[in-house]
1. What number goes with the only condition from (1) touching a residue at least 60 places away in the same chain (Cβ under 8 Å); (2) within 29 Å of residue 62 (Cα to Cα); (3) exposed (fewer than 11 other Cβ atoms within 10 Å of the Cβ) that residue 379 does not pass?
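The values are calculated or read from the model by the stated rules, or taken from the named source; none is laboratory data. Here the structure is a predicted model, which means the values were calculated and not measured. Glycine gets a Cβ as well: all are built from the backbone with ideal geometry, and neighbour counts include every protein chain shown.
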Amino acid sequence: MGLLSPDAVMPFLNVALPVGISFYTFQTMAYTIDVYRRKGAPLQSFLKFAGFVTFFPQLVAGPIVLAQDLVPQMENRPRVTREQVSDGVFLIIKGLIKKVAIADWLGLNLVDRLYDNPAMFSSGEVLIALIGYSMQIYADFSGYTDMAIGSGKLFGYELPDNFQRPYQALTVASFWRRWHITLSTWVRHYIYFPLGGTRGTAVRTYFNLMASLVIMGVWHGANWTFVWYGLIHGVAVAVNRYHNQKRKKRRAAEGLATGSDDSDSDQKFGFTGVLWRWAATFLFVCVARILFRSEDLSQAWTITKQLCGTQWTVGQLPWQILAVLGVTYAIHLAPVAWVDRIKHLFREVPATGKGLILAVVCGWMVHLANTQPVPFIYFQF
């Protein structure tokens, strides 16, 4: 708007913040708001309240758990089943592989190299690196979530899912219903709906959408890159809603069932419609993450200019990087039932076999791990 220069830095307090402060702050805010709205009774035991706030598996990086989901499980002595132990160990193994073998490896061998010296990369290599960063941040964050949910299961507690194959989304709105689900749910219930949601005029509805997405962006940090990241996602979600409403009106005029908003059903669009919607959504998400990964707008602009070049070769990238990306995205895009089948097969393995599998995976992770530990990306939030 011309009020500040492009290089201006948002003011913030230069103090050290406790790890995971935003996650348990959101949890306690939700608890306080629910009690104020009389949607939940205040806890009479300080010990139970403290246990809810400081439940260690998800304390540092989520998922964000509401009191109504966790406190009832604390009312009685937890009872751990064999299935919970098996599923918990399976999730911990899956989370370890995601974090060390995929996220850390892609970060060290591809993404960090791009952001350290973008001029060395062609436009094609920049695009591959952005695709690699999208897989890195997904494997890193969902890997932590898997280990958090798995750890909770070992103690008899069930935590909510935080990811549902986000890169299978056909719209940006659907992406946010699949990515960091507990944050999206929190923003929807405690920001979007109180602002008015879809009540009121269309202009007000779009304003509520934009405000919610910008707030989600700023939640990640006091930096203009996150403001713009939230803003462009808000614009994309608003465009999605506009076209959905337009399509619903047209179908209603034709006497056809409108269905639910932002459906990802291939029966709704057909194969060609599904393909181009998926490709457009995935490309938008990957390119928008330039802002998420960049330290400032200047670096983001440098990466963007490099992406918009004319050289689309990928000769500098070793085949191992392309192979890892191909395999990981193939697994991500595969039917969920395949992973569920593997989980059920793991349940049938005797306890000794589970221990051996876990030991082998841990040894593999130690072998792959760098001498300096790579922190989880969302620890900074």
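1. (3)
Matching residues to (1) at positive phi; (2) in the same structural domain as residue 95 (by TED's automatic domain parsing); (3) part of a helix (DSSP H, G or I); (4) of a type in the set (Ser, Thr, Tyr):
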residue	(1), (2), (3), (4)
35	no, no, yes, no
38	yes, no, no, no
41	no, no, no, no
44	no, no, no, no
48	no, no, yes, no
52	no, no, yes, no
60	no, no, no, no
65	no, no, no, no
68	no, no, yes, no
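Yes or no, residue by residue, for (1) surrounded by 22 or more Cβ atoms within 10 Å (Cβ to Cβ); (2) over 30 Å from residue 316 (Cβ atoms):
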{"residue": "77", "(1), (2)": "no, yes"}
{"residue": "101", "(1), (2)": "no, no"}
{"residue": "137", "(1), (2)": "no, no"}
{"residue": "148", "(1), (2)": "yes, yes"}
{"residue": "163", "(1), (2)": "no, yes"}
{"residue": "171", "(1), (2)": "yes, yes"}
